[in-house]
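Presented below is the structure to which this report refers.
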Amino acid sequence: MTSTPAPLPFARLEQVYEQLAEAIDRAGEANEALFLTKLVMVMAQRAGEGLDFADCVKVAGEDLAAPSATSAS
């Protein structure tokens, strides 16, 4: 039986947020989506079978603003 890892403490989560924001800035607007996709793929591979990816997608998709008409074209 595998154990579920403990959630990150808030202070560590803030560090993750800062690292992510800096990495997105370095990637640039044109590469933002590609960078985030690659990051998720690396993290999913490293998390292994214990990751409930469908639940992660559901949680991440909550409370998003509707896409603007200009981004849909």
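The values are calculated or read from the model by the stated rules, or taken from the named source; none is laboratory data. These figures come from a predicted structure and were not determined experimentally. Every residue, glycine as well, gets a Cβ built from its backbone with ideal geometry; the counts of neighbours run over all protein chains shown.
Side notes on the structure shown:
- Among residues of the stretch 52-70 that are under 19 Å from THR4 (Cα atoms), none has a Cβ under 7 angstrom from a residue that is at pLDDT 95 or above and surrounded by 10 or more Cβ atoms within 10 Å (Cβ to Cβ) at a sequence gap of 6+ or on a separate chain.
- Of all the numbered requirements in (1) loosely packed, with under 12 Cβ neighbours inside 10 Å; (2) of a type outside the set (S, T, N, Q); (3) part of a helix (DSSP H, G or I); (4) under 14 Å from the mean Cα position of the chain (by Cα), PHE35 misses one, and that requirement is (1).
- Counting only residues that are small (Gly, Ala, Ser) and under 12 Å from the mean Cα position of the chain (by Cα), the stretch 38-52 holds 1 of them.
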